[in-house]
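The structure appears below as structure tokens.
FYI, it's all coordinate maths here, none of it is from the lab. A quick note: this is a predicted structure, and the numbers were derived from the prediction, not measured. Positions of Cβ are generated from backbone atoms using ideal geometry, with glycine treated the same way; all protein chains shown enter the neighbour counts.
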Amino acid sequence: MAKKYERVLLKLSGEALMGELSYGIDPAIVDSISDEIAKTVKEGLQVAIVVGGGNIFRGIKGAASGMERATADYIGMIATVMNAMTLQDALERKGIATRVQTAIEMQELAEPYIRRRAIRHLEKERVVIFGAGSGNPFFTTDTTAALRAAEINAEVVFKATKVDGIYDSDPKVNPNARRYQTLTYGHVLEKDLRVMDGTAIALCKDNSIPIIVFDISVPGNIYRALVGESLGTLVGGSCEVS
């Protein structure tokens, strides 16, 4: 492998871990995802991961049903830790050294998030999985991904989704929807394309971190994306809209 990147951040949604299930975690999906991540790590790539918790609990839905929003978001953060630990177990069964760091202290389960320690783990070829979001309610795990990417000096954020890039409208509704190959941060914000929340896009823009949106449902795509193959849609400051 001719490496395009040295250090990357992969954003996984909680839904990515449940496959075709309606709730929870599909062990076969987790095994497949960890296989691809392990392959890149064995080839020398430094990989950090931010994982969501929507397969178990989504704070905004809890709030919509009457729960106090901050409480709902904290429950969602705990769900992300469950997913992080599941990924850790799968990766370590494949011989990949892994650390879970959480923004909410859970000393019996994981390390607290410490930026310099996270970077040191990456330098030692350990995968670092960030759980519990940013530790603050009202912020998404997309924003956490952008924040952690900036803090650890990641070269790129990979946003794994169930579609093969960013479209000008919903491709499930509009068969004529156009997929973009490249976009500027400004265009994503101006058109409210919603691939990541506005705070995450702005953070990446301010820190010149490109975002690559790709389809995780295609076997092999995680590996191909992380090693630098052209997939999905690239969002970056110097991109032309195409």
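Every listed requirement among (1) assigned to a loop (DSSP other than H, G, I, E, B); (2) touching a strand residue (DSSP E or B) at 6+ places or on another chain (Cβ under 8 Å) is met by residue 158 save one, (1).
Residue under question is residue 128, and the condition is that it be farther than 21 Å from residue 161 by Cα, in contact with a helix residue (DSSP H, G or I) (Cβ under 7 Å, 6 or more places away or on another chain) and among the hydrophobic types (A, V, I, L, M, F, W, C); does it hold? Taking the combined requirement at face value, the residue does not satisfy it. Every test in (1) part of a helix (DSSP H, G or I); (2) out of contact with any Ser or Thr (no Cβ under 9 Å at 6 or more places or on another chain); (3) in contact (Cβ under 8 Å) with a residue 12 or more places away in the chain is passed by residue 116 save one, and that test is (3). Taking the conditions (1) closer than 29 Å to residue 102 by Cβ; (2) without any contact (Cβ under 8 Å) to a residue 12 or more places away in the chain in turn, residue 192 satisfies each one other than (1).
When the residues of the range 161-189 are narrowed to those that are free of Cβ contacts under 8 Å to residues at least 40 places away in the same chain and not in a loop (DSSP other than H, G, I, E, B), which ends up surrounded by the most Cβ atoms within 10 Å (Cβ to Cβ)? I'd like the intermediate steps shown before the answer.
Filtering the range 161-189 down to residues free of Cβ contacts under 8 Å to residues at least 40 places away in the same chain leaves 167-178, 186, 189.
Checking the rest, the ones that are also not in a loop (DSSP other than H, G, I, E, B) come to 167, 186, 189.
Details: 167: 17, 186: 13, 189: 13.
Per the criteria, the residue is 167.
Taking the numbered list (1) within 24 Å of residue 15 (Cα to Cα); (2) surrounded by fewer than 19 Cβ atoms within 10 Å (Cβ to Cβ) in turn, residue 153 passes all entries but (1).
Residues in the range 190-226 that are under 16 Å from the mean Cα position of the chain (by Cα) and assigned to a loop (DSSP other than H, G, I, E, B): 8 in all.
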